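The values are calculated or read from the model by the stated rules, or taken from the named source; none is laboratory data. All figures in this text were calculated on a predicted structure; none of them were measured in a lab. Cβ placement follows ideal geometry from the backbone for every residue including glycine, while neighbour counts extend to all protein chains displayed.
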Amino acid sequence: MTTGSPLRIGIFVFDGAEELDVVGPYEVLAWWAEHSELRPQVVTVSAAGAGVRCAKGLRLVPQYSADEVGALHVLVYPGGRGTRRLAKDTDHLTWVREMAASTTLMTSVCTGALVYAAAGLLAGRPATTHRSAFDELAEIDPSVLADTEARFVDDGDIITSAGVSAGIDMAFHLIERLDSPKAAEAVRYGIEYDRT
């Protein structure tokens, strides 16, 4: 990927986000950032910039608010119970659409796909989500081409991943796309992921 400015990856956080949806991709991408010649920046962002309480009680303090985060090359949108509220929040959906218009790659983990569907980003496109949320996805947008088997679905400018731990696999795929398979393998080795 060639860009005119340093590569910036934002991970959106919110009340009710599933912890591993957030910290799994963050760990993979941040480890890559620390060791890559590309020196990507990985940041966290919440709607108002305030701290959030994740689904199981983990509290996070993001670096930016949605208004101040600035331009991103990649947005990672996790899932969790909080997505149901956000999928009905018209102001938030407007922000998601604005981000999609200016961000090279929109990605989601788990039920983050529900918010993308509610924003109209998945209309007529292949996508996946948590195995328990496919009915909800169809209710939001029946035109989504649901892939119930894939760990993640790469449809060019949008990547969706299945439930929870699948976001880690998607993050490795992101590194392969943004850097190289060799870089992804170095991160995999560095964090001892899927060691056989």
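So the values come out like this:
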| quantity | calculated |
| --- | --- |
| Failed item, numbered, when Ala48 is tested on (1) touching a helix residue (DSSP H, G or I) at 6+ places or on another chain (Cβ under 9 Å); (2) farther than 19 Å from Val164 by Cα | (1) |
| Single residue of region 1-28 satisfying the filter (of a type outside the set (Gly, Ala, Ser) and farther than 26 Å from Arg84 by Cα) that is surrounded by the most Cβ atoms within 10 Å (Cβ to Cβ) | Val28 |
| Checking Gly156 against (1) on the phi > 0 side of the Ramachandran plot; (2) free of Cβ contacts under 8 Å to residues at least 60 places away in the same chain; (3) touching a Ser or Thr at 6+ places or on another chain (Cβ under 9 Å), the condition it does not meet | (3) |
| Matching entry among Thr129, Thr148 (being in a loop (DSSP other than H, G, I, E, B) and either in contact (Cβ under 8 Å) with a residue 60 or more places away in the chain or under 13 Å from the mean Cα position of the chain (by Cα) (or both)) | Thr129 |
| Unmet criterion (only one of (1) surrounded by 22 or more Cβ atoms within 10 Å (Cβ to Cβ); (2) assigned to a loop (DSSP other than H, G, I, E, B)) for Ser108 | (2) |
| Residue ID - nearest to the chain's Cα centre (by Cα), chosen from residues in region 1-55 that are assigned to a loop (DSSP other than H, G, I, E, B) and within 18 Å of Met170 (Cβ to Cβ) | Val13 |
| Gly163 in contact with a His (Cβ under 7 Å, 6 or more places away or on another chain) and part of a loop (DSSP other than H, G, I, E, B) | yes |
| Residue match in region 136-152 (condition: in contact with a Phe, Trp or Tyr (Cβ under 8 Å, 6 or more places away or on another chain), closer than 26 Å to Pro40 by Cβ and buried (at least 22 other Cβ atoms within 10 Å of the Cβ)) | no |
| Options Leu122, Leu86, Leu93: the member that is under 20 Å from Asp67 (Cβ atoms) and either in contact with a strand residue (DSSP E or B) (Cβ under 9 Å, 6 or more places away or on another chain) or surrounded by 20 or more Cβ atoms within 10 Å (Cβ to Cβ) (or both) | Leu86 |
| Contacts under 9 angstrom Cβ, first residue in region 171-196 being assigned to a loop (DSSP other than H, G, I, E, B), partner exposed (fewer than 13 other Cβ atoms within 10 Å of the Cβ), 6 or more apart | Asp179/Met1; Asp179/Glu37; Arg195/Tyr189 |
| Residue count, region 97-110 (criterion: touching a residue at least 40 places away in the same chain (Cβ under 8 Å) and either farther than 12 Å from Asp157 by Cα or in contact with a His (Cβ under 6 Å, 6 or more places away or on another chain) (or both)) | 3 |
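So that you can scan it fast, the table gives a plain yes or no per residue for (1) under 17 Å from Val52 (Cβ atoms); (2) modelled with pLDDT of 95 or more; (3) in contact with a strand residue (DSSP E or B) (Cβ under 6 Å, 6 or more places away or on another chain):
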{"residue": "Pro78", "(1), (2), (3)": "yes, yes, yes"}
{"residue": "Thr111", "(1), (2), (3)": "yes, yes, no"}
{"residue": "Ala118", "(1), (2), (3)": "no, yes, no"}
{"residue": "Ala162", "(1), (2), (3)": "no, yes, no"}
